[in-house]
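To start, the structure under review is shown below, and the notes come after it.
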Amino acid sequence: MNGAEALLKTLCDNGVEACFANPGTSEMQMVAALDREPRMRPVLCLFEGVATGAADGYGRMAGAPACTLLHLGPGLSNGSANLHNARRAGTPIVNLVGDHATYHQANDAPLASDIHSLARPVSLWCKEARTADKLAPLAAEAVAASAGPPGGVATLIVPADAAWAETATNGPILHRRSPPIAADKTIEAIAAKFRAAKKPVVLMGSPALTEAGLSAASRLSAAGARVIMDTFVARLPRGAGRFAPDRMLYFGEMALADLAGVDLMVLAGTTKPVAFFAYPAMPTVLVPEGCAVETLAPAHEDAALALSRLADAIGAPLVGPVQGYHAGAPPKGELNAYAVGDALSRHLPENAVVSDDAVTAGLPIYMQTRGAKPHDWLMLTGGAIGQGIPVAIGAAVAAPDRKVVSLNGDGAGAYTAQGLWTIAREDLDVTVVVFANHAYRILNLEFARTGAGRPGAQSRKLLELADPRIDWVSLAKGFGLPAVRCTDGQSLDKALARSLGQSGPQLIEVALSA
């Protein structure tokens, strides 16, 4: 066998079952090896940012890595934005990047670049297999590194000659490590401070937001704590029957006002909260003055178990509050984000998955769907827009029995519209919703907050999308996806009922009035 065959065999032996790819010449041996490894599902993406975002969505839902296949440094660079989001989400990904043959690298060929330097900012592990004999063992190491704890992106650079050279070396099968458990003295010390606090708050990050973690958080809520979560998390089980933590508010001054009087902040699976951006004369660290901050469990520890042990230590009730079921009212008239949230809440099927890149429309829709049937919500963890469609692709591949809904601002959706082709080609059960307000509305808000004044004729050219308007229905149909445009509440309600009530891909363009 050659190195590429040994690589794929090792990945599959270690549970990697999907490859989201946009390959080139240096990766052709790995493409050929797919014909001899039926356990690996190849999924072609027309842009590397779709491939990396899809691997992110897959990892969030499967709890295990998919792999990417990217073409040299430029391909990696094209995929870096969604690798950044994946890194912030702690998503396990084995990121395969081809390179020139080792003996050709010194020639500075046109596609040559410093792949290591490009990979390090988005990777927790990065190595190069210089020979075929090293390829499979490093592949096993990459899977283990990506799975963690903590999880993340493991980048393996594969020179072309390492892929085509013969080898007899397979990689080992490595077992996933269990996360460390918080020390008893940590639990006891924080429990004592919790009991003494007048207004404690528990801040949960992505690793804590499991079914078990939410159950423990509900108990702490019943014991008098306020429970909130990071503004953007990798995956949140939510809906009827589940505990619903509040979200840390996005704007720093609002977050601090919301936390006024808090004298103890307990961190579970996260770090001290900070504002997304700095603004003139506005706070950056989101901890009230005089508030003590204690880390119950960092991201690499079992944060859900730590929350349960803390609940036991303070004598919290065994059962806490959960969200009741509430379907939104049928929307009528002009469409805004709240009406969209009502319609989605009415029709979202049980066990659905929502990939949220809706930007300014996202929070109202999120709030209106709190009482929908149980579902999972996948958020924009790293702030790099353009993940909504790709993450939905990966989620649908990882969980083919679950309806996936992709929520996208029109500006965000335009970053990775190529993903519509992959949804159509793979016949994925994804409903893509695009909110067409024909502007970068979030940038209009940020323009004022940064003290830049009022946009003039020149600056407005960088903030508006109305000239020409993107025709999402035509765009989707061009990529092979059935599509409709909704201009009022009644038509949206019917479109969502139809699309979410049956299997298969669909795009719905929502003409927002505000």
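Summary of values
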{"quantity": "Region 150-233: trypsin sites (Lys or Arg not before Pro) in DSSP coil with no more than 11 other Cβ atoms inside 10 Å", "calculated": "Arg177, Lys198"}
{"quantity": "Computed FRET value (nearest 0.05) for Lys198 with Ala168, which takes r as the C-beta separation and R₀ as 60 Å", "calculated": "0.35"}
{"quantity": "Test item: Cα-centred dipole of region 184-313, Lys/Arg +1 and Asp/Glu -1 on Cβ, debye", "calculated": "240 debye"}
{"quantity": "Contact order relative to length of the chain, as percent, for alpha carbon pairs under 8 angstrom and 6 or more apart", "calculated": "14 percent"}
{"quantity": "Residues Ala457 and Leu44, FRET efficiency given R0 of 45 Å [Cβ-Cβ distance, rounded to 0.05]", "calculated": "0.60"}
{"quantity": "Qualifying trypsin sites (Lys or Arg not before Pro) for region 265-361 [loop in DSSP, other Cβ within 10 Å: at most 16]", "calculated": "Lys332"}
{"quantity": "Farthest toward positive dipole pole in the chain [+1 Lys/Arg, -1 Asp/Glu at C-beta], among Thr360, Thr295, Gly324", "calculated": "Gly324"}
{"quantity": "Exposure proxy ranking, count of Cβ atoms within 10 Å, fewest first, for Cys486, Cys19, Cys12", "calculated": "Cys12, Cys486, Cys19"}
{"quantity": "Eligible aspartates and glutamates near Lys332 by straight Cα distance, threshold 15 Å, same-chain separation 8 or greater", "calculated": "Asp342, Asp488, Asp493"}
{"quantity": "Orientation-averaged projected area, Cα convex hull of region 125-174 (nm²)", "calculated": "3.2 nm²"}
{"quantity": "Spin-label model distance (nm) - Leu443 vs Glu253, 7 Å beyond Cα toward Cβ", "calculated": "2.4 nm"}
{"quantity": "Inter-label distance for Ala329 and Glu350, nm, one decimal - labels placed 7 Å from Cα along Cα-to-Cβ", "calculated": "2.7 nm"}
{"quantity": "Distance from region 92-130 to region 468-495 (C-alpha centre basis), Å", "calculated": "40 Å"}
{"quantity": "Proximal lysines to Lys9, defined as alpha-carbon separation beneath 21 angstrom and excluding residues fewer than eight positions away on the same chain", "calculated": "Lys127, Lys134"}
{"quantity": "Residues of region 1-36 with amide N under 15 Å of a point placed 7 Å along Cα→Cβ from Thr102", "calculated": "3-4"}
{"quantity": "Under DSSP loop assignment and at most 13 Cβ neighbours within 10 Å, longest GluC sites (Glu not before Pro)-free interval of the chain", "calculated": "1-288"}
{"quantity": "Estimated dipole of the chain in Debye, rounded to 20 [Cβ of Lys and Arg +1, of Asp and Glu -1, Cα centre]", "calculated": "1220 debye"}
{"quantity": "Rounded, prolate or oblate (a/c below 1.5 giving rounded, otherwise prolate when a/b exceeds b/c) for region 267-324 by Cα gyration tensor", "calculated": "prolate"}
{"quantity": "Ellipticity estimate at 222 nm from DSSP helix runs (n ≥ 4, -39,500 (n - 2.57)) divided over the chain, nearest 500", "calculated": "-11000 deg cm²/dmol"}
{"quantity": "Student exercise, region 141-236 dipole from Lys, Arg, Asp, Glu Cβ charges, in Debye to nearest 20", "calculated": "920 debye"}
{"quantity": "Estimated FRET transfer efficiency (Glu289, Arg176; beta-carbon r; R0 25 Å; 0.05)", "calculated": "0.05"}
{"quantity": "Debye intensity ratio in log₁₀ form over the Cα atoms of region 43-201, taken at each q of 0.16 Å⁻¹", "calculated": "-0.87"}
{"quantity": "Shape category assigned to the chain from the gyration tensor of Cα positions, a/c cut at 1.5", "calculated": "oblate"}
{"quantity": "Centroid-to-centroid separation of region 297-372 and region 1-72 [C-alpha atoms, Å]", "calculated": "33 Å"}
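Here, each number is a calculation from the coordinates, and none is a lab measurement. Bear in mind the structure is a predicted one, so any value in this text is a computation, not a measurement. Here Cβ is always computed from backbone atoms with ideal geometry, including for glycine, and neighbour counts include all displayed protein chains.
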